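Data block below; observations after.
The values are calculated or read from the model by the stated rules, or taken from the named source; none is laboratory data. These numbers come from a predicted model, not from an experiment. Cβ placement follows ideal geometry from the backbone for every residue including glycine, while neighbour counts extend to all protein chains displayed.
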Amino acid sequence: MKSIVLLSALMLFGITINCSAQESEYKNEDFTIKEVSVTHNADLGVTLWQIQVNGTAGKTTPTKVGQLDGAPVLGYVFPTSLKSTDVGFNQTEGIVALALTSHPDFDDTPLWDENNDKIYDNDGVIWHPHWVILHEDKRVAGGLSVKQFKKADETVVLPPTNPGMPMYMDSPGYPVTTKSSTIKVVVPDYRMNNRTDFSYDGVTAFMKVNTSKEDLPMLGVYEVFSVASGDLSLPYKVK
């Protein structure tokens with residue numbers, strides 16, 4: 001049943017991408033996907049996730065707006081067939097995705113000092129990873145948002161590394177590197193239930209934070225720049 005829901009959501013997402021494509025200041029070759037891959041290294045017990053683009057991966061970062069409400073977020077995203085419970089959430093419907101993001105207006109990785117300056121709340125612009133649960137959301141042009149919940153909902157389970165926001169989001173602290181045309185992240189097997197048999201895709205997107213309008217999601221996808229498969233069918237398997 002979950003796979004049917006997942007595929008249905010992805011099909012809807014694909015339709016939305018085709019119907020709402022728009023130009024933005026961030027749409028450039030740095031976000032045009034050339035290749036995506038996830039490779040398992042059994043000796044080290046890790047997977048290496050990579051997105052290669054036509055331009056320079058990670059070179060383009062969002063322009064700071066000076067506040068959380070309306071803050072821009074750019075992302076290199078891997079939608080997957082993983083279950084929410086594989087990455088530390090409770091059982092919930094949606095698309096488990098590993099998102100590598102940059103956002104200079106806020107820092108949502110309080111446990112990690114990505115720029116190594118001994119200050120833990122000033123490095124949101126540095127590319128860093130999040131596990132998120134995405135679901136269909138027609139209120140935003142990109143057709144998806146990070147799944148939210150009410151703070152009083154006692155059924156919600158988040159990993160202890162979550163940033164404390166009322167969304168299905170985790171800040172796992174995996175190392176992210178950018179070099180030339182490729183952005184990479186290393187994920188230990190045990191941090192995703194030792195799953196190495198999942199399907200995935202690659203997406204680049206523009207997102208935005210909302211803290212003032214109740215009729216919009218807290219973190220929505222407003223523009224999709226590129227999709228590795230072309231139709232978000234998750235055709236790729238871990239090597």
- Message: Only one of Pro160, Pro129 is at pLDDT 95 or above, assigned to a loop (DSSP other than H, G, I, E, B), under 30 Å from Asp43 (Cα atoms) and not acidic (Asp, Glu). Can you tell me which?
- Response: Pro160
- Candidates Glu114, Glu93, filtered to the one that is over 14 Å from the mean Cα position of the chain (by Cα), assigned to a loop (DSSP other than H, G, I, E, B) and closer than 24 Å to Thr39 by Cβ: Glu114
- Message: Against the definition (on the phi > 0 side of the Ramachandran plot and either at pLDDT 95 or above or among the aliphatic types (A, V, I, L, M) (or both)), how does Gly88 come out, yes or no?
- Response: yes
- Message: If I filter the range 174-190 for residues that are touching a helix residue (DSSP H, G or I) at 6+ places or on another chain (Cβ under 7 Å) and modelled with pLDDT of 95 or more, do I get at least one hit?
- Response: no
- Message: Going residue by residue through the range 145-154, is there one that turns out to be under 15 Å from Ala97 (Cβ atoms) and either in a loop (DSSP other than H, G, I, E, B) or touching a Phe, Trp or Tyr at 6+ places or on another chain (Cβ under 7 Å) (or both)?
- Response: yes
- Matching option when the condition is hydrophobic (A, V, I, L, M, F, W, C), over 17 Å from the mean Cα position of the chain (by Cα), assigned to a loop (DSSP other than H, G, I, E, B) and surrounded by 13 or more Cβ atoms within 10 Å (Cβ to Cβ), among Leu44, Leu68: Leu68
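Could you grab me the full set of residues in the range 71-84 that are assigned to a loop (DSSP other than H, G, I, E, B) and among the small types (Gly, Ala, Ser)? Outline the logic, then answer.
At the first step, the residues of the range 71-84 found to be assigned to a loop (DSSP other than H, G, I, E, B) are 71, 81-83.
Those that are assigned to a loop (DSSP other than H, G, I, E, B) and among the small types (Gly, Ala, Ser): Ala71, Ser81.
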- Message: So Leu216 passes all but one of these: (1) surrounded by fewer than 18 Cβ atoms within 10 Å (Cβ to Cβ); (2) modelled with pLDDT under 95; (3) aliphatic (A, V, I, L, M). Which condition number does it fail?
- Response: (2)
- All-but-one check, Asp117 against (1) within 24 Å of Val87 (Cα to Cα); (2) loosely packed, with under 14 Cβ neighbours inside 10 Å; (3) free of Cβ contacts under 8 Å to residues at least 60 places away in the same chain, failing number (1)
- Give the range 100-111 a look and list any residue that's in contact (Cβ under 8 Å) with a residue 24 or more places away in the chain, over 22 Å from Lys213 (Cβ atoms) and either among the charged types (D, E, K, R) or assigned to a strand (DSSP E or B) (or both), or say none. Leu100, Ser102
- Task: Mind listing just one residue for me: the one in the range 96-111 that is within 18 Å of the chain's Cα centre (by Cα) and among the hydrophobic types (A, V, I, L, M, F, W, C) and, of those, modelled with the lowest pLDDT?
- Result: Phe106
